[in-house]
1. Given the Cα-Cα distance of Ala263 and Met205 and 0.36 nm per residue of separation, how much length would full extension add, in nm?
2. How far is it, in nm, from the label point at Arg72 to the one at Ala318 when both lie 7 Å from their Cα along the line to the Cβ?
3. So for region 66-184, what percent of the C-alpha to C-alpha distances run longer than 26 Å?
4. Please sort 39-45, 251-257 by packing, taking for each peptide the average over its residues of neighbouring beta carbons within 10 angstrom, highest first.
5. Work out the FRET efficiency for Val292 and Leu125 from their Cβ-Cβ distance, taking R0 = 41 Å, and round it to the nearest 0.05.
6. Among 109-122, 271-284, 47-60, what's the highest-first ranking by average C-beta atoms within 10 angstrom per residue?
7. Could you tell me which of His101, Ser312, Val154 has its Cα farthest along the dipole of the chain towards the positive end, charges placed at Cβ (Lys, Arg +1; Asp, Glu -1), taken about the Cα centre?
8. Considering all alpha-carbon pairs of region 288-372, what whole percent are spaced by more than 15 angstrom?
Amino acid sequence: MTDLSTRAHTLFVDHFNGLPAATASAPGRVNLIGDHTDYAEGFVLPAALALGCVGAIAHGDGARHEFIAADRRPVSYPVGGNAESLTGDERWARYVVGVIHEWHAHHQRPLDRGYRVAVASDVPLGAGLSSSAALEVAIATALDGLHGCVTAPVERALLCQRAEHRYAGVPCGIMDQLIACTGRADHAMLIDCRSLVVDPVRLPMADDAELVLVDTGVRHRNDDGAYAARREACRRAAMILGVVALRDADAAMVDSPALCDDAGARAAALHVVGENSRVLSFADAMRAGDVVSAGGLMNESHDSLSRIYRVSCPEADALVQRLQCEAGVLGARMTGAGFGGWVVALVRPDVAARMVEGGAMRLRAADGARVC
Ligand code: GLA
């Protein structure tokens, strides 16, 4: 058992005075390139982190769910309740309730009994490392374990995404849930967010270059409207250009006069079209061992997210700019939804060692969710 599984197990036993029937883990993620493209049916290239979330679960004996997480007050919630009543300190429980409902709907099983759930996580919250998807996928995987089912990874990711849309009010794309289900040690995963086909891309050898994460210290939420506004701008742009999704637009279309009256839609088109092609070039560069080109594409990606799509923040911009100027740094960019959180850099090994001494985190790409 890992430390985190032990923590979830102990929390369960101490709080509920009994043993969990199933325990499962799911990782957080760092996205190497391809942000704000998944909801436009484009391409992304995330890697699963060694940080994650563990859910320990058993049936309860009544008409209420009971949830406990380290450092949080216990939540008791009626089985047929309205998740909107979960606010403030209890808001995190919406993700758990949402996954329970969506899992039962997917498997067409009546939900007539409460669950007991204990959760332990070491993914920093609001840091762009996908703590929410790690929680959702850990719970969905634990439910599989408890009921002796195997939900296929793509189906599991989709039901978790529905839970986030319907219960947490965040219109997220599919990247975070899918990488949490399909991550592979030592690899990033090239995801086609239309076909949902996932293709492993090996990370560079440690004596060539390393991926390192640095915290800006700024925290964000995805339910404050800024994320939803970007998604809406992509929808408008696709409509104006007459395509199903911005995935179908090309560089020539971005210059279309039809976009002139909608600056948000134009920015969305410009960002998504450029970013999709950068993801594919980045994957090619990684496969060819060309870390210098890969780093350059990360820099271009940050510039587009910050200057065109406006999802960065001054602290992330300053950190990325400082890193980009350092010798031995091949590329640096924000990662995830943006507005703060961590940044990711591709650096030479001597620089990685120095950065880690200063508090940065070396990327060790991990496997996806599993029953513990
Ligand atoms: C959040 C969402 C993802 C994705 C990223 C930005 O993490 O959950 O679906 O849109 O932002 O790339």
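1. On the way: separation 58, 0.36 × 58 = 20.88 nm, distance 4.19 nm.
Extra length available between Ala263 and Met205 comes to 16.7 nm.
2. Here the modelled spin labels are 3.2 nm apart.
3. Details: 850 of 7021 pairs.
The share of Cα pairs beyond 26 Å in region 66-184 comes to 12 percent.
4. Numbers: 39-45: 25.9, 251-257: 12.9.
In descending order of packing, they fall as 39-45, 251-257.
5. Details: r = 35 Å, r/R0 = 0.84.
Between Val292 and Leu125 the formula returns 0.75.
6. Values: 109-122: 19.6, 271-284: 22.4, 47-60: 25.0.
With the highest mean Cβ count within 10 Å placed first, the list reads 47-60, 271-284, 109-122.
7. Projecting each Cα onto the dipole axis, the largest value belongs to His101.
8. Values: 2155 of 3570 pairs.
In whole percent, the long-distance tail amounts to 60.
Read-outs throughout are calculated quantities, based only on the coordinates presented, and are distinct from any laboratory measurement. None of these values were measured; they are calculated from a predicted model. Note: ideal-geometry Cβ built from the backbone for every residue, glycine included; neighbour counts use all protein chains shown.
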